[in-house]
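Report on the following structure.
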Amino acid sequence: MKNIETQISNNFGKNNGQGQVSLDFIIKWSKRAFMVHTEIKTDYCQNLVRDEDPDRYLACLFAPSFARDDIFALYAFNQELAKTKETTSEPTLGEIRLTWWQETLDGITAGHVREHPVAIAVSNIQRLPKIIPLLSQIIDARRLDIYADGPVDMQALITYVQRTGGDILQAACLLENEKATDSDLQNAQDIGAAFAMTGLIRASIWQAAANTHFLPQDQKKAASQSSGDTLTNISPILDQMLFRSKNWLTSVRTRAPKGKGHIFRIATITQRYITDLEKRGYADVSKAPLSPITPGVILKHIGFSLVSKY
C-alpha cells in the first residue's frame, strides 16, 4: 500500500502541491475505473472501441455515467469511418462505404434506422440533432483516407485532423455537457486535433519502411529525393506536425489551466505520446511503440482527474 501511495505522489503530486491526496479517495476512483473497465463485456460499441480505439476507450471511462453509452456509440461510429481504408480494396468501395454511413445518418434523422449495431446505438444518442452536422463533416473528411495521395500540403493536413479528430471530440463535448461554451468546444477541437496529429506521426513512423505514410504531398515529394532512409528523410515533416500538436495543447492550457472529464483525459494521453516522441526519438519509438493502457496508466489518469490536471 505504501508503494502505491509513493507512486501516486511521484506521478502527479510532486509539482502541484497535491501529493497528499487521500489514498482512500484514490482507491475509490481506482475501483470505479476498473469496475467500468470490467463491466464492459457484451455491448457492441463498447467492445469495438475497447479493441480498436483503446485511447478513447480509456478516456471514456472518465465520462459522466449519463453520457458514457452515447459517447461509446459516437466513438464506435467514428471507428467505422476510420477503418474504411483498411476494410476496402479500392477507392470506389471506400466511397460507397462512406456514402452508406452518410445515408445511415440521413435515415436516422428521418426516423429510419438501419439494422446495424452502431447505427442503432447512434440513433439512441439523446442529443443527436446537435452533433449530426459534425458527423457529416467527419464523413467528408474521411474521403481523403481512401486515396493514396494524401493531403496536398500542411494546411490540408491541419484541416483534416481538425475535422477527423477535432470534430469528434467536439461532438463528445456536446454529449456530456449540454451547456458547453464556445471555449469548451474550442478546447475539445484543439485537443482532438492534437490527438489526431500525434496519431498520424506515430503511424508515419511505423509505416515509413512501406512508404505509405499520410503526409503532405509537397513535402513528402521533396523528402523522397533525399538520400538516406525514409524515416530520417521524413523526420523534418514529423517535427512540424509535432510542433502543431504541442501548440494546440498550449492553447488549451492557456484557456483552461485545469480540466476534468474525459475530454481532458485525451489531452493527457496526447501529452504522453508527445513526451515519448521527444524523449526517445522517432527511430526508437518505431521499434517499441508506447502501450496505450496499463494499470499504471489508468492510475495516473485517476490521479490527474482528481486534481484537474492534464
Between Asn247, Asn187, Asn78, which gets the highest mean-square fluctuation from a Gaussian network model of the chain, Cα cutoff 10 Å? Asn247
Positive minus negative residues near Asp140 (Lys, Arg vs Asp, Glu; Cβ under 13 Å): 0
Suppose we take every Cα in the chain and form the convex hull; what volume per residue is that in Å³? 138 Å³
Once phi for every residue in the range 263-271 is put through the Karplus expression 6.51 cos²θ - 1.76 cosθ + 1.60 (θ = phi - 60°), the whole-Hz ³J(HN,Hα) values, with Gly and Pro written as x, are 4, 7, 5, 4, 5, 4, 4, 4, 4
Under a 10 Å cutoff between Cα atoms, tell me which one of Trp100, Trp206, Trp248 has the largest fluctuation in the Gaussian network model of the chain. Trp100
Rg and Dmax of the range 147-270, Cα atoms only, in Å: 15.8, 54
In a GNM of the chain with a 10 Å cut-off on Cα contacts, which of Phe264, Phe214, Phe66 has the highest mean-square fluctuation? Phe66
Cα-Cα over 22 Å, subset of Lys258/Lys300; Lys260/Lys300; Lys179/Lys260; Lys85/Lys220; Lys287/Lys309: Lys287/Lys309
Ranked by Cβ crowding within 10 angstrom, fewest neighbours first, how are Tyr147, Tyr310, Tyr160, Tyr44 ordered? Tyr147, Tyr44, Tyr160, Tyr310
In debye, nearest 20, what is the charge dipole magnitude of the range 19-306 about its Cα centre with +1 on Lys and Arg Cβ and -1 on Asp and Glu Cβ, if you could check? 980 debye
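Quick note: the coordinates plus some simple rules give every number you see, no bench work behind them. Bear in mind that the values here come from a model prediction, so they are computed numbers and not experimental data. With ideal geometry, Cβ positions are generated from the backbone for all residues, glycine too; neighbour counts draw on all protein chains shown.
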